[in-house]
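Structure first, commentary second.
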Amino acid sequence: MKLALVVIPAYNEDSQIEPLLGQIKEITDIDIVVVNDGSTDKTLEVCKNLNVKCLSHLINLGYGAAVRTGFAYAKKHPNYKYIVTMDGDGQHTVDQLKLLLEECKKNQLDLIVGRRVRKEQMPISRKAINALADLFFWALSGKYFVDTQSGLKAIRLNSLYDLELNSVDYELCTEILLKYSKKKCKIGWVDIEALYSEYSLNKPVKQRVINALSMVINLLKIST
């Protein structure tokens, strides 16, 4: 059994994902699967050139749907201890992935979250969205966790089989933590630096606001 399957959702990330995949492939005891969420760029071609497994959606279904596709693949290939999710847009580095994998080796936890610290680079709009998600998590669970929206996390594969996830977009991060918390699973954190490349920072603010409003609505649906 291998330590982890790394699931990377990607939507038009060809310029960022190519160097990332090349670095991840150097790590032993893991496999990689990219979920190409309806990209119109060369994301699929990059994966083929690097001989990385790629699952493709015909159209863009959303971050949460892409991660859930990766989870479904993992359940059909249960030769991994953990499933690791990380972003493909440059926010997460290979060094951060290694920190998370080391934590997987040391502890018998069901969920390990990469908690972003030193957020000076984080845009104000994203700080607000993350704070809103943390607040909603507290309102829904009675517990306060920092950075419930982190996309870097490791999940014990055995704990996924009886977990029903419904989110199709970024609220999936909060839904996972919420449901693991309600199940009284063992949850841990590793601190990582919040990194934002010029590419990541150039994503439209309007889209971030739309994502935030959508996240709130969907979290309310999930909790009822």
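Bear in mind that the values in this text are calculations on the coordinates, not laboratory data. Remember, predicted model here, so these are calculated numbers, not experimental data. Here the Cβ positions follow ideal geometry from the backbone for every residue, glycine too, while neighbour counts run over all protein chains shown.
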| remark: Descending packing, highest mean Cβ count within 10 Å first, for 5-16, 94-105, 155-166, 33-44 is 5-16, 33-44, 94-105, 155-166
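If the chain between LEU195 and LEU44 were fully stretched, how many nm would it gain, using 0.36 nm times the residue separation less the Cα-Cα distance?
Extra length available between LEU195 and LEU44 comes to 51.9 nm.
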| note | Under the 7 Å Cα-to-Cβ spin-label approximation, LYS105 and VAL146 lie apart by a distance in nanometres of 2.7 nm
